[in-house]
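The values are calculated or read from the model by the stated rules, or taken from the named source; none is laboratory data. Quick caveat: nothing in here was measured; it's all calculated off a predicted structure. Cβ atoms come from the backbone with ideal geometry, glycine included; neighbour counts cover every protein chain shown.
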Amino acid sequence: MRLPGYHQRAANHSPKPLAVLVFAAIVAALLLPNGCAPSIPTSLPPVQEPPATTAPGANPWAGTEFIEKTYEWSYWRFRDMVWTWSFRIPTSLYEDYRSRPRPTTGDYTVYASDDGDREVLADLGATLQSYVEQLNLDAYEAVHFIANFVQQLEYTSDIDTTGFDDYGRYPLETLVEDGGDCEDTAILLGKLMDAMGYDVVLVRLPNHMALGVRETEKFVGTYYEYDNVRYFYLETTGTAGRIGMVPDEYKDQAAYIYDFSPRPIVTHDWNGERAGSTYQLRVRVENHGAAAVENCTVRAGFDAGNDSMWNAVESEAFTLAAGAVADIQLSLDIPEWNHTRLLVFIVHEGFALDKSESRWFDDSPATA
Ligand SMILES: [Ca+2]
């Protein structure tokens, strides 16, 4: 009997809700002992190949050595004035960001965790700050003036520009491409304001993303509490977004909050194949964040329902530096249970940093 190898389900570019991690933690805490007798299921499901994740569209900058851009914009309070900012970057730097795979994580600060845009964002921040001082804006109005630079960028939908439903952009991509959608502008403004010394967080709603700005004495409107601090909503698309004003369609929705502090952001993928009565699992674990994580393990097993797994195994503990990749191999006894699926967790201090699962497979003698 020869069975096909199977792979992690198609890459999912939508955010993973925290609930998944909570579920994963529960499952991880309830692992069954590795005492079930190995047996051989009669079939495995067909492979579902992940979609190709090539870079979006044609690159109009291909063949040039440098990208030079000048932005000109106005601010509604000073309509008769035009503000400008120019930047110049090697085309190769933009192409490097453009060619990176999009990590499958709901933590979109992953697009702000890289240092390659530091000089450009520092220059933009200094330029905006000089205008703030020239206009003698107070702290409250300064936030709006800075946000206005990003809010006036063109809104472009991911599906039109990249072919993907939900495609996060690195800040330099958004700047070179003259805009993006909500997560792209939230990432750009968040990293810019963080670099300028503001205390900001990413606010991830079910179908939207925005920023939270730490309260000062004059803030009113909608806020989110995070680490005992009030962060007031700030829309990053459209020019009308004022601190505390949430668009009607997002009112009263729960949000996940992500700060911009350096931290590990761990994802994984896996493949494997059957060898006799075992499944030989290869897991690639990657830290996309800006800080290391120690004492990680990979736990895997077959879904036994009731938040438990058959034949669970766990790797030795390992450390992942920022940007590092670890390849972990595990051998699992294939259980007799014939309606199950493989579950894979990346575990740290009892919590799952990331999880995935195969498709369900069922007894199907005809293909055995
Ligand atoms: Ca996007």
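Would you point out the residue of segment 130-175, among those that are of a type in the set (A, V, I, L, M) and farther than 24 Å from Trp76 by Cβ, that is farthest from the ligand (Cβ to nearest atom)?
Narrowing segment 130-175 to residues of a type in the set (A, V, I, L, M): 132, 135, 137, 139, 142-143, 146-147, 150, 153, 159, 172, 175.
Restricting the remaining residues to those that are farther than 24 Å from Trp76 by Cβ gives 159, 172.
Working: Ile159: 10, Leu172: 14 Å.
The qualifying residue farthest from the ligand (Cβ to nearest atom) is Leu172.
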Checklist entry - Do we find that Asn338 is more than 30 Å from Arg214 (Cα to Cα) and touching a Cys at 6+ places or on another chain (Cβ under 6 Å) in this structure? => result no
Next on the checklist: Consider segment 176-198. How many of its residues are away from the ligand (no atom under 13 Å from the Cβ), buried (at least 22 other Cβ atoms within 10 Å of the Cβ) and over 13 Å from Leu128 (Cβ atoms)?
Outcome noted: 3
Checklist entry - Considering Thr84, Thr127, which residue is within 30 Å of Lys218 (Cβ to Cβ), more than 14 Å from the ligand (Cβ to nearest atom) and part of a helix (DSSP H, G or I)? => result Thr127
Item to check | For Gly272: the one exception among (1) assigned to a strand (DSSP E or B); (2) in the same structural domain as Trp76 (by TED's automatic domain parsing) | outcome: (2)
Checklist entry - Under 6 Å by Cβ, and 6 or more places apart or on different chains, what pairs join a residue from segment 207-221 that is within 13 Å of Tyr250 (Cβ to Cβ) with one that is exposed (fewer than 14 other Cβ atoms within 10 Å of the Cβ)? => result none
Checklist entry - In this structure, is Leu202 touching a helix residue (DSSP H, G or I) at 6+ places or on another chain (Cβ under 9 Å), over 22 Å from Leu93 (Cα atoms) and within 14 Å of the ligand (Cβ to nearest atom)? => result yes
